[in-house]
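All of the numbers you see were taken from the coordinates with simple rules; none came from a lab. What you are looking at is a predicted structure, and each value in this text was computed from that prediction instead of being measured. All Cβ positions, glycine included, derive from the backbone under ideal geometry; neighbour counts span all protein chains shown.
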Amino acid sequence: MYSPFDFGRMLRHPRVAAYTDAMRRAIRPGDVVLDIGTGTGFFSLLAARMGARKVYAVEPIKAAARLARTTIADNGLSDVITVVEGMSTELTFEEKADVVVADLRGRLPIFGGNLKSLADARARLLAPGGRLLPLRDHVYVSAFSSDALYENLLGGYRQEGFDLRACREAVTHCMLNDDDVPLTPEHLVAPPERVFSLVYGEDPGRFKGKVRLVASRAAEVHGLVLWFDAQIDETSGFSSAPGSPLDVYGRVAMVWDPPIRVEAGEPLVVEVLVQPMKDDYAWSVATEVQGKLIRQSLVMIADGLLAR
């Protein structure tokens with residue numbers, strides 16, 4: 001669950017500028033706007049100031065919805081913006097929206113009910129010819145080399161006199177993060193490759209991609225890193241790539257035990273499969289390097305690893 005502090009961090013992120021620019025192009029005077037996952041209501045405030053006739057601000061977290069109502073009233077926009085508590089997939093409205101705005105991503109855009117919510121919004125809640133923001137996201141993968149991050153993720157399971165390899169193996173099947181030791185472009189061993197893309201408003205059910213990474217230098221590869229580039233519309237977007245701000249999004253790191261030494265020009269073939277599992281998604285990653293196949297069935301080990 002997000003706190004007021006978390007929502008404040010979100011407002012510092014470049015995503016706000018990207019969404020603001022896209023909203024200026026999408027919202028026309030007199031439009032009806034649906035803001036899914038409004039949080040404190042900031043995007044709804046923007047929509048109202050941009051000329052929307054009516055804004056529905058949907059928020060499932062009661063405390064956030066209360067804060068949004070107060071903030072909207074403080075800005076004198078309660079006559080334009082209506083805060084609705086609940087999940088958009090379970091709600092109906094008096095009129096269809098000309099514009100739907102949402103940012104429901106986690107560390108990766110395939111997260112929780114994100115895709116289903118926006119597919120439902122396009123099918124039920126968006127007027128014909130309406131605009132859906134965001135437009136699409138692209139998921140990228142690369143290999144990384146970082147002694148500091150590797151020690152942060154696995155170092156606790158190297159204790160003299162004890163065999164903790166089962167514990168280390170369990171960690172290699174977790175979706176971890178680089179929050180404590182952020183990755184930068186200098187940590188990447190190979191130029192990134194786009195493993196797949198997703199289009200908002202569609203729910204394909206599963207995603208699959210296979211890419212060939214080529215090492216640009218000799219290095220000890222500690223694992224793989226995933227991130228996304230977001231397109232809010234055809235002009236505006238942002239990225240969670242190594243080196244970008246961590247205020248909202250971070251990277252997903254997957255470690256190998258032990259690391260693998262590669263030489264410049266060596267290939268690493270990475271295949272990713274993402275399938276629905278209950279209320280979320282299961283990720284399977286297979287990497288072939290030096291004739292060795294590394295299989296990782298990845299799970300979240302706690303709330304907050306993929307999204308804050």
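In a fully extended conformation the segment linking R49 and R168 would gain 37.6 nm over its present Cα-Cα distance, using 0.36 nm per residue.
GNM remark for the chain: springs join alpha carbons under 10 Å apart, and the peak mean-square fluctuation among E263, E288, E90 falls on E90. Over 31 Å between C-alpha atoms is what I'm after, so list which of K62/K116; K96/K208; K62/K278; K116/K292 land there. From the list (K62/K116; K96/K208; K62/K278; K116/K292), the Cα-Cα distance tops 31 Å for K96/K208; K116/K292. With helices as the sole contributors, the chain gives -6000 deg cm²/dmol at 222 nm; each DSSP H run of n ≥ 4 counts as -39500 (n - 2.57), and the sum is divided by every residue. The ratio of the alpha-carbon radius of gyration of the range 158-308 to the globular-protein estimate 2.2 N^0.38 Å is 1.10.
By the beta-carbon count within 10 Å of each Cβ, the least crowded to most crowded order of S244, S297, fewest first, is S297, S244. Using Cβ point charges alone (K and R +1, D and E -1), the dipole size of the chain about the Cα centre works out to roughly 600 debye. Can you give me the C-alpha center-to-center distance between the range 158-178 and the range 70-144, rounded to a whole angstrom? What the calculation gives is 38 Å, centre to centre.
Just want to confirm a number: the relative contact order over the range 1-149, from Cα pairs under 8 angstrom separated by 6+ residues, in percent. The normalised contact order for the range 1-149 reaches 22 percent. In this calculation the C-beta distance from N75 to D280 is compared with R0 = 35 Å, giving a FRET efficiency of 0.50. When peptides 115-122, 233-240 are sorted by average Cβ neighbour count within 10 Å, with the highest value leading, the order is 115-122, 233-240.
Ordering F162, F228, F93, F196 by the number of other Cβ atoms within 10 Å of each residue's own Cβ, fewest first, gives F162, F93, F196, F228. Relative contact order of the chain, taken over Cα pairs closer than 8 Å and 6 or more residues apart, is 19 percent.
Taking K292, K210, K96 as the candidate residues, the one with maximal mean-square fluctuation in a Gaussian network model of the chain, Cα springs under 10 Å, is K292. Site pair E263 and K208 shows an inter-label distance of 3.4 nm when each label is modelled 7 Å from Cα along Cα→Cβ. Which of these values of Rg/Rh (Cα atoms, Kirkwood Rh) was calculated from the structure shown: [x] 1.06; [y] 1.02; [z] 0.96? Computed from these coordinates, Rg/Rh (Cα atoms, Kirkwood Rh) corresponds to label [y].
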